[in-house]
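Novice: Questions regarding the structure given below will be posed in turn.
The values are calculated or read from the model by the stated rules, or taken from the named source; none is laboratory data. Treat the numbers as computed from the prediction; the structure is a model and nothing was measured. Counting neighbours? That spans all protein chains shown, and the Cβs are built from the backbone with ideal geometry, glycine included. Surface areas here come from the heavy atoms of the whole protein model, side chains and all, with no ligands, DNA or RNA. Shrake-Rupley method; radii C 1.70, N 1.55, O 1.52, S 1.80 Å.
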Amino acid sequence: MFVRHYGISGPTVLVLHGGPAAVGDVAPVAKCISESFHAVEPWQRSSGGVPLTVARHIADLHELVTDVGGDFPTAILGHSWGAMLALCFAAEHPGKAGPIVLVGCGAFDQACRSRLQATIEDRMDDDLRDRICRASADAVEPADQFIQTFKLTRHIFDYDPINPYADKEEFEPFDLQAHGETWSDMRRLQDNGTYPGAFAAIDSPVLMLHGQYDPHPGKMIRDSLLPYLPQLEYHEYERCGHSPWIERFAREEFFSVIREWLFRKTN
């Protein structure tokens, strides 16, 4: 994995991007918390060779956490898919995981996924559907189709964003194969009952931060996790979508809550 480090003092915090395969998207988060923490931003493994699995990503994180934290638990902040991966890692290696922050966490059951898709559909109109069809027809590569659709539907996920691309840098072309392989394995593990049941092994304190406008149903996802994570704390932001750090009305409070909570839980 390619790994970027921000800040040189304070407790170490692993900052995990979403997607899967949305490398570079949490760089602004890592930079902002680096005033108080040593933020470590790994770019998760890309496709090639054997198919990617959740277990492979967990093994990569274990190697990284051992390298940066030694025998001590490491705090983890994950966004979307990265939040899901943080929980999977902590379930497999509870002694290595420190406090966990879940930002815009993804869904672990069909009911939550169905609500997510219904919300997305409700926010679309015929004009947007037509533009998506035209963009897909014009794109040559499947990855280009995916990215064009993402850009056209970005407003469905954001409430009132400051320029969402202003702070994103040094990111690579979207790896659609990595995305597909990883998400397919996650769905398999949900369907066979591994997740979220395995999360009962997690002893770490867990904070879930979610925007009210995020089409991912925050309270439903929280309720699906609470039977296995009774220690989970939940905080929801008004006028906020899937990525709080780009939201005009939530950004300041978002970072304030993260700094205060992580500082308290790591000291």
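Novice: Report, for the chain, the % of DSSP beta bridges that are antiparallel, rounded to 5.
Specialist: 20 percent
Novice: Rounded to the nearest 500, what is the chain's calculated 222 nm mean residue ellipticity when only DSSP H runs of at least 4 contribute -39500 (n - 2.57) each, over all residues?
Specialist: Per the formula, -13000 deg cm²/dmol.
Novice: Tally Lys/Arg at +1 and Asp/Glu at -1 over every other residue whose Cβ is under 14 Å from the Cβ of Glu236; what's the total?
Specialist: Charge balance near Glu236 sits at -3.
Novice: Here is a follow-up. What does the net charge come to around Asp71 if you take all other residues with beta carbon closer than 15 Å to its beta carbon, with K and R at +1 and D and E at -1?
Specialist: With Lys, Arg at +1 and Asp, Glu at -1, the neighbours total -1.
Novice: So how long is each side of region 109-214 along the principal axes, counting just the alpha-carbon atoms, biggest first, in Å?
Specialist: For region 109-214, the Cα extents along the three principal axes come out at 46, 33, 30 Å.
Novice: Could you compute the FRET efficiency for Lys151 and Arg259, with r as their C-beta to C-beta distance and R0 at 30 Å, rounded to 0.05? Intermediate results must be reported in sequence, preceding the final value.
Specialist: Values: r = 31 Å, r/R0 = 1.04.
Approximately 0.45, to the nearest 0.05.
Novice: Another question, if that's okay. Quick one: divide the alpha-carbon radius of gyration of region 140-267 by 2.2 N^0.38 Å and tell me what you get.
Specialist: Compared with the compact-globule rule of thumb, region 140-267 sits at 1.23.
Novice: Further question on the same structure: When all alpha-carbon pairs of region 1-148 are counted, what percent fall beyond 27 Å? Don't skip to the end; give the middle numbers.
Specialist: Values: 3542 of 10878 pairs.
Of the Cα pairs, 33 percent sit more than 27 Å apart.
Novice: How long, wide and thick is region 1-70, going by the Cα atoms along their three principal axes, in whole angstroms, largest first?
Specialist: Here the Cα extents, ordered largest to smallest, are 38, 26, 15 Å.
Novice: May I pose another question? Which whole-Hz ³J(HN,Hα) couplings does region 246-257 yield from phi under the Karplus relation 6.51 cos²θ - 1.76 cosθ + 1.60, θ = phi - 60°, glycine and proline marked x?
Specialist: Rounded to whole hertz, the list is 9, 8, 4, 8, 10, 3, 5, 5, 4, 5, 5, 5.
Novice: Excluding ligands and nucleic acids, what accessible area in Å² is computed for Glu181 using a 1.4 Å probe, to the nearest 10?
Specialist: Glu181 exposes around 40 Å² with every protein chain in place.
Novice: Can you work out ³J(HN,Hα) from phi for every residue in region 56-64, in order, using Karplus 6.51 cos²θ - 1.76 cosθ + 1.60 and θ = phi - 60°, giving whole Hz and x for Gly and Pro?
Specialist: For region 56-64, the Karplus-derived couplings read 5, 5, 4, 4, 4, 5, 4, 5, 5 Hz, x marking Gly and Pro.
Novice: So between Glu233 and His5, what do we pick up on full extension, going 0.36 nm a residue minus the alpha carbon distance? Mind showing how you got there, number by number?
Specialist: On the way: separation 228, 0.36 × 228 = 82.08 nm, distance 2.77 nm.
Contour length minus Cα-Cα distance gives 79.3 nm.
Novice: Share of the chain's accessible area from carbon and sulfur, percent, 1.4 Å?
Specialist: 51 percent
Novice: Lys and Arg at +1, Asp and Glu at -1: add these up for the other residues within a Cβ distance under 14 Å of Ala107 and post the number.
Specialist: +1
Novice: Still on this structure, please answer the following. Can you run phi through the Karplus equation (6.51, -1.76, 1.60; θ = phi - 60°) for region 218-234 and list ³J(HN,Hα) in whole Hz, with x for Gly and Pro?
Specialist: Each residue's phi maps through the Karplus curve to give x, 5, 5, 5, 4, 5, 6, 8, 4, x, 9, 10, x, 7, 5, 9, 10 Hz.
Novice: To continue, here is another question. What does the accessible area per residue of the chain come to in Å², with a 1.4 Å probe and no ligands, DNA or RNA counted?
Specialist: Values: 12030 Å² over 267 residues.
With all protein chains present, the chain gives 45 Å² per residue.
Novice: Which semi-axes, in whole Å and largest first, does the equivalent ellipsoid of the chain have when worked out from the alpha carbon gyration tensor as the square roots of 5 times its eigenvalues?
Specialist: Sorted largest first and rounded, they come to 27, 21, 20 Å.
Novice: A follow-up question, please. Evaluate the charge dipole of region 6-105 about its Cα centre and quote only its size in Debye, nearest 20, assuming +1 on the Cβ of each Lys and Arg and -1 on the Cβ of each Asp and Glu. Write out the running numbers ahead of the final one.
Specialist: Working: 4 positive and 8 negative charges, 31 e Å.
The dipole of region 6-105 has a size of about 140 debye.
Novice: Assuming a viscosity of 0.692 mPa s and a temperature of 37 °C, what translational diffusion coefficient in µm² per second does Stokes-Einstein assign to region 37-109, Rh being the Kirkwood radius over Cα pairs?
Specialist: Estimated diffusion coefficient is 258 µm²/s.
Novice: Okay, moving on. For region 193-243, how big is Rg over Rh, using alpha carbon atoms and the Kirkwood form of Rh?
Specialist: Ratio value, two decimals: 1.01.
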